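Report on the following structure.
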Amino acid sequence: MTSYVVRRLLDLVFVLFGVSVLIFLMLRMIPGDAVLIMLGANVDITPDRVEALRRSLGLHLPLHEQYWQWLTGVVRGDLGRSIWTGRPVLDEILARLPVTLQLTGLALAAAIVVSFPIGILSASLRGGTADTVVRILAILGLTLPSFWVGVLMLYFASIYLPLWPTIGYVPFADDPGGNLARMVLPVIAVSLPMVAGLSRILRSSLLDVLSLDYIRTGRAKGLARRTLLYKHALRNAMIPVVTVIGVQVGYLLSGVVVIEQVFAIPGIGRLVIGAINERNYPLVQGVILIVTAVFVFVNLLVDLAYAWIDPRVEYA
Amino acid sequence: MRRRILTLALAALIGFGLAQTLEIAVDQSPAGLDPHIVTAFSSFQIIGQVYDGLLEINADLQLEPALATGYSVSPDGLTYTFDLRDGVTFHNGRPFTAADVVYSYERIIDVETGSPQASRFAIVASVEAIDELTVVFTLAEPYAPFLANLPNLTIVAQEVVEEHDNLQQVMVGTGPFMLAEIVPDTYTLLTANPDYYRAGEPGVAALRYNVVPEASTRAAGLRTGAYHLIPDVDPATAQTLGGVTGITMLGVQELSYSLIGVNTTRPPFDDARVRRALNLAIDRDELVEAVYFGSAAPGGPLSPGLTDWALPVAEYSCYAPDAAAARALLAEAGYPDGIDFEILTLGTLRVVVDAAQVVQAQLADAGFRATVNVEELGTFVQRWRNSDFDAFASLNGGNIDPDGYLDRTFRSGGSTNVFLYSNPAVDTLLTAGQRAVDVSTRQGIYADLQRALACDGPIAHLAYATLFTAHRDEVSGFVQTPTRSLRYLRNVTLN
C-alpha cells in the first residue's frame, strides 16, 4: 500500500514534467506575441522598444533555454513572475486557489449529497413515473450549459430575491454568512451537470448489481428490501460512481472557469483566462501545473478509495 | 475625549453625505497604474480620479483649468506661460509646485520611461519653472494641438517614483480620490481626498471599482442595488436596462468609432477606386440599426461629437449606398468579377464582430466577397501591428483636437498607420493643420483633410456610437463625457 502510494507520487512527477513540456510548447505555438499584446495599440511603438521589452522579459532566448530557465526555477519552488504585474506567479495563484477550491469542494459535496438519493430512488423505482421524470431531468441537467444556467439564475435572483447577495466574493474569514450566501448560485450552476451525471451512473450501476445472483439469493432468503439495497447492493455499485467522481473533478475545475466569469468570483479560472489572453506565459504555465497536480492527486485518492469500498482490491 | 471627536467627525461626514461608498462595476482590473505608461481604458478610469493635469477636458470637450489656473500664449505661438494653483498638496502631504510639472514632463519624454505620451510633447523645446507657481513651455515650432495634449501631462511626485521605481502599483496624485486598496480581480478602492482643492468635492467618501467581467452580471447587480453605476454599457444591455424603473440611462455621442481599415499596399485595396467602391457598398444607416439598435451616428474621419470640426456626412459623395456604382468602379479598377478578401476582427468586441458581419452582407451586393475571420486579442494585435491583413474591422479612439487622431493614423509612417497609407497631399495638410494657430484657418484645413480621406483613404469609417452609462436613481450629479473619462465622479452624491 505504502509503496503503491510512493510509486503513484513518483508518477506524478513524470506527469507534471510531461504536462510542463506540452503547455510550454503549446502556449508558444498559438499565434500572438506577448510583447506586442503588452504594448497594445500604443502610440509610440518602435522596434527598439519591442526588443528592449522582449529582452527584459527573457523572451529573446531560444525556446529550450527559456524552458530550462523556467524548469530549474520550478524545481526550486520558483514559478517565475507574471509578465504584466511583476508579482511572483506563486503568490498570484495562492491568492486565488482557496477561492476555486472552496467553490469546487462545495459543488462536489452538493453533487454527491443530491445525486445519491436521486440515483437510488430512480433505480429502486425503475420504470415508474418518478424514474422517467428523473431520467428526463438528468438529460436536461447534462445538456444545459452551466454558464447559461448561471446567467438565468442570476437574472431571476435579481428580480425575485433582490436582497440576496449573488455577485462577487468575500473571504469566509471576513464574513462567513456573506461568503456562503454568494456561493449558493454558483455552486448550483456548477454542480447541476454533475448531479445529472452521477445520478445516472449510480442508477445504472445499481441496476446492474440488483440483477446479480447474490441479490436474488438475498431476496430469496427473505432479506428486507431496504437492507438488500443499502447494505448489499449500494456498496458494490460504488466503484464506477467513485471513478466518475474522480473524472468529474476535472470537469468541475473547467466548469468553474466559466462560472467564475459569470459570478465575478476571483478564482483560478479568471486568472487563467486573463493570462491566456495576455500570453502571460509564466502565469499560464504555473496555473496549469498546479491544476494538473490537484487533478492527479484527486485521482490518486479515488484509486485509494477503491480499496476502502471493496476490500478485495489490492495494490501491487 | 478622543472618541468623542471621532464621533463628531463621523457625524459631520454623514451630515455632508460623505459617509458612503459609490459602488461601480467595471469589466476588468486595471492593467497597471502608471499614468505615464499605461494605455488601457481599465486603468485610466481609475487613474483619472487620483491624478491631475494642468488642464482638463470638460463634458463639452473644452479645456478647463485643473492644476493651472490660467495661461497666456506669446504672439508667435511658441511660449506658453501657466499660473499654477496655490495651496494644492499631493496625497502624501507635500505641496505641489512648478518643479513637479518640470519633473513630470521630463519623465514622459525620457526614453527609459517608455511613455506612449512622449510623441505628444516631442515639439516642446524646454520647460522651465520660473518660480514656485509659474511654469513656461517653449515650443520648437508653433503647434496648435499643444494645449489639447496637456491633459495627458499627468503630474506625478518625484519622490514617489524614486521610492517605488515606477508607479504601476502605487498612486500619489493631487486628485479628488486616493488609492486605498487593490484586491486583484476583485476591486480597487479609492477614498476621498480630504484636502482636495475644489471645495465641497468629492461628494462621496469612497469609490469602489468592482471587477465584474460579464455584462449581464453587471446589469443584474445594478438592478439589485449591489452596484450604483456602470460605465460603458453595450448597446444591447442599454436596451434592456433603459426601461427599468429606478435606473437612469445616460447617453452621449462618443469620439471613438467602428471602422473597416484596409491595407493600401496589397491588391485590391492599393487602388483608391476599390476603396471608394467599398464605401459605396456600405449602407451606414442600416448598420446603425442592425448593430447599434439605432444608438449611433454614421460619421466620417471625425466624430460628429466634435461639432467645431466634423463635416456633415452629406458632404461625402461615397456615403450614399450605391451597389451599381460600386460594381462599376470595381470593373474600372480591373475587377469585373468582383473581389475575394478577408476581414480580420476581434472576438472580444461584440460590436465589431456584429459590424463586420453586417458589412459582409452589404458588400456581397456590390461584388465584394468577404470572409470574416474572428480572432482573439493576441493574434489580432500581432496581425494588426504587422499590417498582415487585407482588411480589418475594429474600434478606434478619438481625440478632442482633430490632429490628435488624424496625424498618427494617416501620416506616412504614422505610429498607428498600420494601413501603410501614404499620400503627400494629406501629409502636407496635416503639417499645415499643426502649424496654423488660428482656429478658422485650421477648420478649413481639416475640412479639406476630411474630404480627402473619407472616400479614398484607408479607412471606411462606419459609425460613432452613443456611449451609455447606467446608474441608479440614488446617484445624482454624474456628468458623462464623450471621452469616456469618469472625471465627474467627483461631483456624484448618493441620496
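The values are calculated or read from the model by the stated rules, or taken from the named source; none is laboratory data. Keep in mind it's a predicted model, so treat the numbers as computed, not measured. Please note: Cβ atoms are built from the backbone with ideal geometry, for glycine as well, and neighbour counts cover all protein chains shown. Please note that ligands, DNA and RNA were not included when accessible areas were found on the heavy atoms of the full protein model with its side chains. Shrake-Rupley method; radii C 1.70, N 1.55, O 1.52, S 1.80 Å.
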**Fill in**
Per principal axis, largest first, the Cα atoms of segment A:167-316 extend in Å by 65, 40, 26
**Request:** Go from 0 up to the bin containing the longest alpha carbon distance in the protein assembly as shown, width 20 Å each, and give me the % of pairs per bin.
**Result:** 13, 40, 33, 11, 2, 0
**Message:** Explain nothing, just the number: dipole magnitude of the protein assembly as shown about its Cα centre with +1 on each Lys and Arg Cβ and -1 on each Asp and Glu Cβ, in debye rounded to the nearest 20.
**Reply:** 4500 debye
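List the trypsin sites (Lys or Arg not before Pro) within segment A:236-316 that DSSP assigns to loop and that have no more than 11 neighbouring Cβ atoms inside 10 Å. Write out the running numbers ahead of the final one.
Numbers: sites: A:Arg270, A:Arg279, A:Arg312; in loops: A:Arg279, A:Arg312.
Counting only loop positions with at most 11 other Cβ atoms within 10 Å, the trypsin sites (Lys or Arg not before Pro) in segment A:236-316 are A:Arg312.
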**Fill in**
On the accessible surface of segment A:1-127, probed at 1.4 Å with all protein chains in place, carbon and sulfur together account for a percent value of 70 percent
**Inter-centroid distance (Cα atoms) of segment B:114-191 relative to segment A:2-25, Å** = 50 Å
**Asked** Residues of segment B:209-235 with accessible area at least 30 Å² lower in the all-protein-chain context than alone (1.4 Å probe)?
**Response** B:Pro213, B:Glu214, B:Ser216, B:Thr217, B:Ala220, B:Arg223, B:Thr224
**Message:** Let's test this: bin the Cα-Cα distances of segment B:287-357 at 5 Å from zero up to the farthest pair and state each bin's percent.
**Reply:** 3, 13, 14, 17, 21, 18, 11, 3, 0
**List B:His91, A:His64, ordered by accessible area with a 1.4 Å probe, largest first** = A:His64, B:His91
**Message:** Over the Cα atoms of segment A:2-75, each weighted equally, I'd like the Debye log10 I(q)/I(0) at q = 0.19, 0.20, 0.22 Å⁻¹, rounded to two decimals.
**Reply:** -0.88, -0.94, -1.04
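About its Cα centre, what dipole magnitude does segment A:2-75 give when the only charges are +1 on Lys and Arg Cβ and -1 on Asp and Glu Cβ, stated in debye to the nearest 20?
Working: 6 positive and 6 negative charges, 65 e Å.
That gives a dipole near 320 debye.
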**Prompt:** If you rank A:Trp68, A:Trp84 by how much accessible surface each has, with a 1.4 Å probe, what is the order from largest down?
**Reply:** A:Trp68, A:Trp84
**Fill in**
The answer for chain A, counting only DSSP H helices whose Cα atoms cover 30 angstrom or more along the axis and whose Kyte-Doolittle average is 0.0 or greater, is A:2-29, A:89-124, A:176-210, A:234-263, A:281-309
**Asked** In terms of modelled amide H atoms, which long-range or inter-chain residues lie less than 5 Å from the amide H of B:Gln20?
**Response** B:Ala205, B:Ala206
**Prompt:** Just the C-alpha atoms of segment B:279-321: what Rg/Rh do they give, with Rh taken as the Kirkwood radius?
**Reply:** 0.97
**Prompt:** Which angle between 0 and 90 degrees, to the nearest 10, do you get for helix B:272-281 versus the longest principal axis of chain B when only C-alpha atoms count?
**Reply:** 80 degrees
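Using a probe of 1.4 angstrom, how much of the accessible area of chain B is carbon and sulfur, in percent? Please report the intermediate quantities before stating the final value.
Values: 9880 of 18960 Å².
The computed percentage sits at 52.
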**Message:** For chain A, what does the accessible surface come to per residue with a 1.4 Å probe? Please give it in Å².
**Reply:** 51 Å²
**Complete:** Nearest 10, in degrees from 0 to 90: the angle of helix B:2-15 to the longest Cα principal axis of chain B is 40 degrees
**Fill in**
Once accessible area is computed for B alone, A alone and the pair with a 1.4 Å probe, the total buried surface, to the nearest 100 Å², works out to 2900 Å²
**Request:** Just name one of B:Leu150, B:Thr174, B:Ala129: the one whose Cα is farthest towards the positive end of the charge dipole of chain B (beta-carbon charges, Lys/Arg +1, Asp/Glu -1).
**Result:** B:Thr174
**Complete:** Shape call for segment A:97-266, from the Cα gyration tensor axes a ≥ b ≥ c (a/c under 1.5 means rounded, otherwise prolate when a/b beats b/c, else oblate), comes out prolate
**Request:** Roll a 1.4 Å probe over the protein chains and send me the accessible area per residue for segment B:41-164 in Å².
**Result:** 39 Å²
**Request:** Restricting things to alpha carbons, find the Rg to Rh ratio for segment B:381-495 using the Kirkwood radius for Rh.
**Result:** 1.09
**Asked** Residues with amide H under 5 Å of B:Gln168's amide H, sequence separation 5 or more or different chain, H placed in the peptide plane at 1.01 Å from N; which?
**Response** B:Leu33, B:Asp34
**Whole-Å semi-axes of segment B:41-164's equivalent ellipsoid (Cα gyration tensor)** = 21, 17, 16
**Residues along segment A:140-178 losing 10 Å² or more of accessible surface when the other protein chains are present rather than the chain by itself (probe 1.4 Å)** = A:Val151, A:Leu154, A:Tyr155, A:Ser158, A:Ile159, A:Pro162, A:Ile167, A:Tyr169
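Expressed as a fraction of 2.2 N^0.38 Å, the rule-of-thumb size for a compact globular protein of N residues, what is the C-alpha radius of gyration of segment A:1-156?
On the way: Rg = 24.2 Å, N = 156, 2.2 N^0.38 = 15.0 Å.
Ratio of Rg to 2.2 N^0.38 Å for segment A:1-156: 1.61.
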**Request:** Quote the charge dipole size of segment B:41-164 about the Cα centre in Debye, to the nearest 20; the model charges only the Cβ of Lys and Arg (+1) and of Asp and Glu (-1).
**Result:** 260 debye
**Prompt:** Which translational diffusion coefficient, to the nearest whole µm²/s, is obtained for chain A from the Stokes-Einstein equation, given a Kirkwood hydrodynamic radius over C-alpha pairs, 20 °C and 1.002 mPa s?
**Reply:** 95 µm²/s
**Equivalent ellipsoid semi-axes - Cα gyration tensor, segment B:257-466, angstrom** = 25, 19, 18
**Request:** Give the ranking of B:Ser440, A:Ser204, A:Ser158 by solvent-accessible surface, highest area first, calculated with a 1.4 Å probe.
**Result:** B:Ser440, A:Ser204, A:Ser158
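Please compute the volume of the convex hull spanned by the alpha-carbon atoms of chain B and report it per residue in Å³. Kindly include the intermediate steps, with their values, before the conclusion.
Details: hull volume 72.6 nm³, N = 495.
In chain B, the Cα hull volume divided by residue count equals 147 Å³.
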